[in-house]
Amino acid sequence: MTQDARHDGGARLTVHVPMRWGDMDAYGHINNVAVMRILEEARVHAFGAPAGTGAPGVEMELPVFADLAPGTQALVVEHRVKYLTPLNYRNIPARVDVWVSAIKGASFTIAYAIEDPVTRVRCVIAETVLAFLHAASGTVLRITPEKKVQLEVMRGAPNFR
């Protein structure tokens with residue numbers, strides 16, 4: 001994972017997500033369902049695995065999900081995806097830029113841009129709205145001031161207006 005400068009003065013994380021042979025459709029493009037998996041992998045690589053899942057790995061620069069309070073879950077509220085041009089299967093990872101495009105009282109939006117790793121052509125832009133949920137009660141939680149500060153570091157322009 002690398003951190004790159006953004007045009008608006010902040011930073012975005014760049015992660016490299018492998019494309020799998022089985023991700024291909026009959027035309028040699030990465031299937032739209034597989035694109036959602038690539039986005040999920042990029043989100044976890046950038047911000048950490050959800051608390052309480054998996055085994056410990058490397059420390060994340062922004063452990064947004066890994067440092068959640070016990071009983072808190074990250075919940076996907078909405079996805080928005082725009083396919084700009086086909087992402088062709090390659091045996092090298094796709095380049096995915098990840099940043100935070102909005103922070104609200106009880107949700108935040110992660111933005112993505114997937115580039116072909118050879119041509120550097122932007123193939124997909126997307127956004128995922130996330131909220132935190134108290135698992136036992138099923139209630140959506142307000143984003144804490146500490147979490148807002150953590151997210152603000154990665155704040156950039158939205159993909160969709």
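Looking at the structure I just gave you, is VAL129 more than 21 Å from THR14 (Cβ to Cβ), at pLDDT 95 or above, touching a Phe, Trp or Tyr at 6+ places or on another chain (Cβ under 8 Å) and in a strand (DSSP E or B)?
yes
Filtering segment 96-106 down to residues that are surrounded by fewer than 18 Cβ atoms within 10 Å (Cβ to Cβ) and not charged (D, E, K, R), which residue is nearest to THR85 (Cα to Cα)?
Filtering first and then ranking leaves ALA102.
Determine the pairs where a residue that is in contact (Cβ under 8 Å) with a residue 12 or more places away in the chain and surrounded by fewer than 15 Cβ atoms within 10 Å (Cβ to Cβ), located within segment 114-143, has a partner that is assigned to a loop (DSSP other than H, G, I, E, B) and of a type in the set (Val, Ile, Thr) with Cβ atoms under 8 Å apart, the partner being 6 or more residues away or on another chain.
VAL118/ILE92; VAL121/THR85
Can you tell me which residue within segment 20-55, out of those that are β-branched (Val, Ile, Thr) and under 13 Å from the mean Cα position of the chain (by Cα), is modelled with the lowest pLDDT?
VAL44
Tell me the residue from THR72, THR85 that is modelled with pLDDT of 90 or more and either touching a strand residue (DSSP E or B) at 6+ places or on another chain (Cβ under 6 Å) or buried (at least 17 other Cβ atoms within 10 Å of the Cβ) (or both), please.
Unique residue meeting the criteria: THR85.
Run VAL58 past the list (1) more than 30 Å from TRP21 (Cα to Cα); (2) at pLDDT below 95; (3) of a type in the set (A, V, I, L, M) and report the number of the one that doesn't hold.
Among (1) more than 30 Å from TRP21 (Cα to Cα); (2) at pLDDT below 95; (3) of a type in the set (A, V, I, L, M), VAL58 violates only (1).
How many of the residues making up segment 1-19 are modelled with pLDDT under 90 and in a loop (DSSP other than H, G, I, E, B)?
Qualifying residue count, segment 1-19: 6.
Can you run down the residue pairs with Cβ atoms below 9 Å, 6 or more apart or on separate chains, where the first is in segment 75-97 and in contact (Cβ under 8 Å) with a residue 60 or more places away in the chain and the partner is in a loop (DSSP other than H, G, I, E, B) and basic (Lys, Arg)?
TYR89/ARG20; ARG95/ARG120; ASP97/ARG6
The values are calculated or read from the model by the stated rules, or taken from the named source; none is laboratory data. Because the structure is a prediction, the values reported are computed rather than measured. Backbone-built Cβ (ideal geometry, glycine too); neighbour counts: all protein chains shown.
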